[in-house]
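Heads up: the structure comes next, in structure tokens.
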Amino acid sequence: MSMEDYDFLFKIVLIGNAGVGKTCLVRRFTQGLFPPGQGATIGVDFMIKTVEINGEKVKLQIWDTAGQERFRSITQSYYRSANALILTYDITCEESFRCLPEWLREIEQYASNKVITVLVGNKIDLADKREVSQQRAAEFSEAQDMYYLETSAKESDNVEKLFLDLACRLISEARQNTLVNNVASPLPGEGKSISYLTCCNFN
Amino acid sequence: MAAAAAPGPRAPGGDGGGSSSASSSLSMERIQSLTDLSDLEAAYGRLCEEEKVVQGELDALLEQQSTIENKMVALHRMGPNLQLIEGDAQQLAGMITFTCNLAENVSSKVRQLDLAKNRLYQAIQRADDILDLKFCMDGVQTALRNEDYEQAAAHIHRYLSLDKSVIELSRQGKEGGIIDANLKLLQEAEQRLKTIVTEKFDMAMKQGDLPQVERFFKIFPLLGLHEEGLSKFSEYLCKQVASKAEENLLLVMGTDMSDRRAAVIFADTLTLLFEGIARIVETHQPIVETYYGPGRLYTLIKHLQVECDRQVEKVVDNFIKQRDYHRQFQQVQNSMMRSSSAEKIEPRELDPILTEVTLMNARSELYLRFIKRRIISDFEVGDSMASEEVKQEHQKYLDKLLNNCLLSRTMQELIGYYITMEEYFMRETVNKAVAMDSYEKGQLTSSMVDDVFYIVKKCIGRALSSSSIDCLCAMINHSTTELESDFREVLYNKLKQGFPATTFQDFQRGVTSAVSIMHSSLQQGKFDTKGIESTDEAKQSFLVTLNNVEVCSENIMTLKKTLESDCTKLLSQGFGGEQAQAKIDSCLSDMAAVSNKFRDLLQEGLNELNSTAIKPQVKPWINLFLSVSHNIEEEEFSDYEANDPWVQQFIVNLEQQMTEFKVGLSPVIYDTLTGLMTSLIAIELEKVLLKSTFSRLGGLQFDKELRSLIAYLTTVTTWTIRDKFARLSQMATILNLERVTEILDYWGPNSGPLTWRLTPAEVRQVLALRIDFRSEDIKRLRL
């Protein structure tokens with residue numbers, strides 16, 4: 001495993017109501033496809049794409065989850081190991097936006113406190129059917145301290161940007177972590193007393 | 001060249017004067033202007049040479065004359081022949097043109113013949129068809145009169161497969177009127193037959209007369225009623241499924257709770273239902289294939305699935321009601337929300353229902369896999385010549401049927417609840433195992449490690465037995481969380497209490513550990529820390545926890561390997577989608593990563609033990625070295641030999657101290673600990689060494705002491721300690737030198753196989769410890 005050809009490996013999990021276009025976003029990014037008439041996802045799906053950012057190979061493991069309620073207990077089990085969550089809603093569906101606080105509660109409950117959450121309003125190609133204004137979403141994301149972006153999986157708008165920006169942020173986050181880690185670890189053989197508090201809860 | 005091209009007939013040489021300017025390099029004027037004798041002679045010589053050349057060329061030309069004349073004669077002779085050939089050629093051309101015209105004529109005739117032949121065949125075909133049509137008309141009537149429906153249907157089938165244009169044509173013929181009438185009769189017969197077959201089929205179905213049902217089922221496709229036939233036949237089959245299922249459900253409701261299968265009775269009922277449907281498919285697939293052609297099984301199963309869904313719904317409804325499934329789920333959810341509720345549901349109570357749900361799902365998966373395989377192979381036969389689009393279309397139908405059927409959705413819902421409940425079961429049972437943790441003397445680990453892994457294995461195993469890959473992965477994820485966060489936290493808290501030291505630090509440590517115990521019990525509430533243990537107990541608890549941590553790390557890897565092979569088995573049976581393997585691999589590798597976290601924890605614990613228990617003891621023992629003078633003469637040296645001043649006691653002390661750990665720790669951990677200890681000794685000894693002074697014999701004494709120490713340490717550890725003591729050994733070498741300059745025998749190009757671990761500055765520093773070495777000599781050394 002460690003001999004694989006990449007510098008970073010990140011887990012990204014897409015969540016959000018059923019039918020907001022999670023699978024299409026993943027397919028667009030990983031395969032460059034927009035499959036019309038995409039059926040509902042069963043359980044979780046799993047895609048891999050390796051991208052190069054500033055000369056470094058970044059392997060993104062993207063988990064596409066089912067939005068339907070009955071799969072919730074399956075999808076929740078993936079939150080904790082996620083480095084990033086993409087919380088998706090449909091700009092033409094008020095309901096999918098109104099459910100966001102509920103999703104945030106789930107994130108709070110199950111995800112690691114280090115997780116990066118991105119809010120994504122999908123389907124901007126259907127501008128004439130828009131129900132959720134950009135301003136509202138921007139305000140909401142600001143209040144929740146989330147990065148926010150609008151995309152169209154169909155027109156391929158901002159999809160690449162979404163994942164690549166996220167990968168960049170994950171890289172810089174990972175760099176900071178290793179820095180903190182190095183400072184905290186005692187020098188070998190020095191028998192320095194160990195401060196347990198800095199050592200726990202690292203993933 | 002110019003000479004060769006000169007015209008032949010002109011006489012050679014004769015009038016060289018006039019035209020010689022062309023062939024001679026000397027003009028007449030130039031010759032005439034010559035006055036000098038030598039010049040004239042030279043000009044003459046050149047002219048003579050030129051003449052010779054011209055003469056040679058002329059001779060060659062003359063030689064060719066006869067050949068050319070011969071050729072001319074031959075040409076003259078050929079003249080008349082050529083005229084003959086021209087005549088022949090013209091004749092030949094005429095003949096070819098004629099033949100060509102003839103051939104074209106013939107082939108166009110052949111083409112016409114061919115067309116005529118085809119028309120003739122068509123005419124015969126039509127005549128045959130018309131005859132057939134008449135035959136059908138008569139035949140149907142007779143067959144219907146005789147109630148020979150198969151025969152009638154065969155006639156209708158023949159009629160339906162006739163070319164429609166034939167029928168049109170025959171109506172236009174002379175006998176149009178009669179045919180029209182007959183055709184009408186035939187159409188009437190077709191309608192009548194359809195009605196009769198439908199009626200008869202319905203009647204047979206009502207009476208449950210299988211042979212009759214099958215008889216009429218076979219007639220439908222002959223009348224072009226494939227869909228209708230399949231739908232009617234499935235209606236009949238669904239009725240059978242329904243009545244059987246109802247019977248079974250009644251039996252279930254009346255089952256005694258003491259029955260052996262009572263705990264899985266709903267899973268059994270589903271099994272019976274699925275087996276029934278599978279048997280029906282198995283029995284009737286050949287008929288469908290034979291009479292309806294391949295690719296029709298999908299339609300039949302689609303109809304059957306509707307009934308299956310209906311029956312599943314009933315069974316599951318009853319299951320939910322009787323087992324109180326939703327209420328139990330609610331209760332679990334409430335218990336998970338409020339961490340310390342009085343009404344916590346007892347995890348053991350969930351055990352049977354969890355098992356039953358996974359069994360129900362496993363049966364469903366098995367059934368769905370069965371129909372999937374059947375439909376795929378049926379489509380494959382039917383679509384062998386079909387386009388890629390048709391194949392994809394069919395695949396889509398199949399996916400839709402499998403994914404959207406109520407059976408799938410119902411099971412997904414049950415499994416959704418199951419996962420939450422199983423997670424609760426696992427967490428609560430693990431908590432219980434931790435609370436009831438006990439340690440038996442003579443054991444290295446305490447009971448909770450085995451218990452916890454037994455529980456985790458059981459829960460994942462149960463999820464695996466559901467045959468649902470997503471369910472399995474979810475439970476692997478939850479187990480990873482449970483082990484990494486909750487259980488690791490338990491062990492971590494135990495280690496945090498520290499290993500009580502035995503010296504004056506006792507008091508200090510006692511206070512901090514009491515505080516930390518109180519702190520952790522306030523935080524954790526659920527874990528019984530058994531109050532403040534006595535020092536011995538606290539020591540043992542620390543060592544046992546270290547062993548526990550190590551075993552955990554190993555158990556996780558074992559668990560991962562076991563699960564890997566279990567999953568391979570499941571996948572090889574065809575369960576799970578294309579991504580199944582990748583999903584499982586990813587989840588399992590997350591789990592394996594936890595093993596390393598336990599390793600890290602072990603390392604931290606060992607460092608803690610080393611720095612709080614070993615270092616405070618070992619350091620004073622090593623410091624005693626300072627009180628033993630190494631600035632000694634012969635007399636003291638032999639006295640040391642008789643009464644060892646330091647190293648023997650040091651070794652005895654070490655031995656005593658390590659016995660406690662050797663008994664209490666697993667061999668692997670003990671080995672790591674001794675490794676840490678040897679490093680510690682090497683570092684500390686180096687420190688005191690640099691604070692001492694040595695005479696020549698003192699150096700020898702130190703060398704002896706170091707050898708004894710290394711010899712002892714080699715016996716207690718499997719690590720190679722030579723490396724750790726390399727610096728010290730080299731220092732001993734330096735302290736044993738006769739003269740300062742002797743170091744050069746070992747240094748630089750003379751070092752041989754020895755790799756110096758000391759810098760030149762350090763070498764000087766050590767040399768300076770020898771009181772008999774002069775500092776100027778040391779300074780003068782060129783290292």
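Tabulated data
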item: Residue match in region B:330-341 (condition: touching a residue at least 24 places away in the same chain (Cβ under 8 Å), open to solvent by less than 50 Å² (accessible area, probe 1.4 Å) and among the small types (Gly, Ala, Ser)); result: yes
item: Which numbered condition B:Trp646 misses (of (1) open to solvent by 60 Å² or more (accessible area, probe 1.4 Å); (2) under 30 Å from B:Arg696 (Cα atoms); (3) at pLDDT 90 or above); result: (1)
item: Unique match (being surrounded by 16 or more Cβ atoms within 10 Å (Cβ to Cβ) and either β-branched (Val, Ile, Thr) or modelled with pLDDT under 80 (or both)) among B:Lys184, B:Lys134, B:Lys174, B:Lys164; result: B:Lys134
item: Residue that is part of a helix (DSSP H, G or I), acidic (Asp, Glu), more than 12 Å from chain A (Cβ to nearest Cβ) and closer than 30 Å to A:Gln109 by Cβ, where the choices are B:Glu349, B:Glu343; result: B:Glu349
item: Within region B:195-211, tally of residues that are under 55 Å from the mean Cα position of the chain (by Cα) and open to solvent by less than 60 Å² (accessible area, probe 1.4 Å); result: 8
item: Qualifying residue in region B:556-564 (condition: modelled with pLDDT of 75 or more and within 20 Å of B:Phe661 (Cβ to Cβ)); result: no
item: Any hit, region B:732-744, residues being without any contact (Cβ under 8 Å) to a residue 12 or more places away in the chain, out of contact with any helix residue (DSSP H, G or I) (no Cβ under 9 Å at 6 or more places or on another chain), open to solvent by less than 70 Å² (accessible area, probe 1.4 Å) and part of a loop (DSSP other than H, G, I, E, B); result: no
item: Residue check, B:Val390 more than 25 Å from the chain's Cα centre (by Cα), more than 21 Å from B:Val306 (Cα to Cα), more than 14 Å from chain A (Cβ to nearest Cβ) and of a type outside the set (Lys, Arg); result: yes
item: Region B:252-300: number of residues that are among the β-branched types (Val, Ile, Thr) and under 21 Å from B:Leu223 (Cβ atoms); result: 4
item: Among residues of region B:263-291, those that are open to solvent by 10 Å² or more (accessible area, probe 1.4 Å) and either in contact with an Asp or Glu (Cβ under 8 Å, 6 or more places away or on another chain) or hydroxyl-bearing (Ser, Thr, Tyr) (or both), counted; result: 10
item: Some residue of region B:655-666 being among the β-branched types (Val, Ile, Thr) and buried (at least 16 other Cβ atoms within 10 Å of the Cβ); result: no
item: Scan of region B:583-626 for residues that are of a type in the set (Gly, Ala, Ser) and modelled with pLDDT of 90 or more, ordered by number; result: B:Ser586, B:Ser589, B:Ala592, B:Ala593, B:Ser595, B:Gly605
item: Filter result for B:Lys396 (open to solvent by 20 Å² or more (accessible area, probe 1.4 Å), out of contact with any strand residue (DSSP E or B) (no Cβ under 7 Å at 6 or more places or on another chain), within 12 Å of chain A (Cβ to nearest Cβ) and farther than 21 Å from A:Ile74 by Cβ); result: yes
item: Matching residues in region B:714-731 - criterion: being in a helix (DSSP H, G or I) and either open to solvent by 60 Å² or more (accessible area, probe 1.4 Å) or hydrophobic (A, V, I, L, M, F, W, C) (or both); result: B:Thr714, B:Thr715, B:Val716, B:Ala726, B:Arg727, B:Leu728, B:Met731
item: Filter result (crowded, with 22+ Cβ neighbours inside 10 Å and of a type in the set (Val, Ile, Thr)) within region B:354-373; result: B:Val357, B:Thr358, B:Ile371
item: Contacts under 9 angstrom Cβ, first residue in region B:473-488 being facing chain A (nearest Cβ under 8 Å) and free of Cβ contacts under 8 Å to residues at least 24 places away in the same chain, partner among the acidic types (Asp, Glu) and surrounded by 22 or more Cβ atoms within 10 Å (Cβ to Cβ), 6 or more apart; result: B:Thr481/B:Glu423
item: Helices (runs of 4 or more DSSP H) fully within region B:540-650 counting 1 or more residues that are more than 14 Å from chain A (Cβ to nearest Cβ) and closer than 17 Å to B:Met677 by Cβ; result: B:615-627
item: Check on B:Ser513, among the hydroxyl-bearing types (Ser, Thr, Tyr), part of a helix (DSSP H, G or I) and at pLDDT 85 or above; result: no
item: Residue satisfying condition, being outside any loop (DSSP other than H, G, I, E, B) and surrounded by 15 or more Cβ atoms within 10 Å (Cβ to Cβ), within set B:Leu697, B:Leu690; result: B:Leu697
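One line per residue, one yes/no per condition, for (1) assigned to a helix (DSSP H, G or I); (2) open to solvent by less than 40 Å² (accessible area, probe 1.4 Å); (3) in contact (Cβ under 8 Å) with a residue 40 or more places away in the chain; (4) not aromatic (Phe, Trp, Tyr):
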site: B:Glu380; (1), (2), (3), (4): yes, no, no, yes
site: B:Leu402; (1), (2), (3), (4): yes, yes, no, yes
site: B:Arg409; (1), (2), (3), (4): yes, no, no, yes
site: B:Leu444; (1), (2), (3), (4): no, no, yes, yes
site: B:Ile455; (1), (2), (3), (4): yes, yes, no, yes
site: B:Cys459; (1), (2), (3), (4): yes, yes, no, yes
site: B:Arg462; (1), (2), (3), (4): yes, yes, yes, yes
site: B:Cys471; (1), (2), (3), (4): yes, yes, yes, yes
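The values are calculated or read from the model by the stated rules, or taken from the named source; none is laboratory data. Quantities reported herein were computed from a predicted structural model and do not represent experimental measurements. FYI the Cβ positions are ideal-geometry reconstructions off the backbone, even for glycines, and counts take in every protein chain you see. Accessible surface is based on the protein model in full, side chains and every heavy atom, while ligands, DNA and RNA are left aside. Shrake-Rupley method; radii C 1.70, N 1.55, O 1.52, S 1.80 Å.
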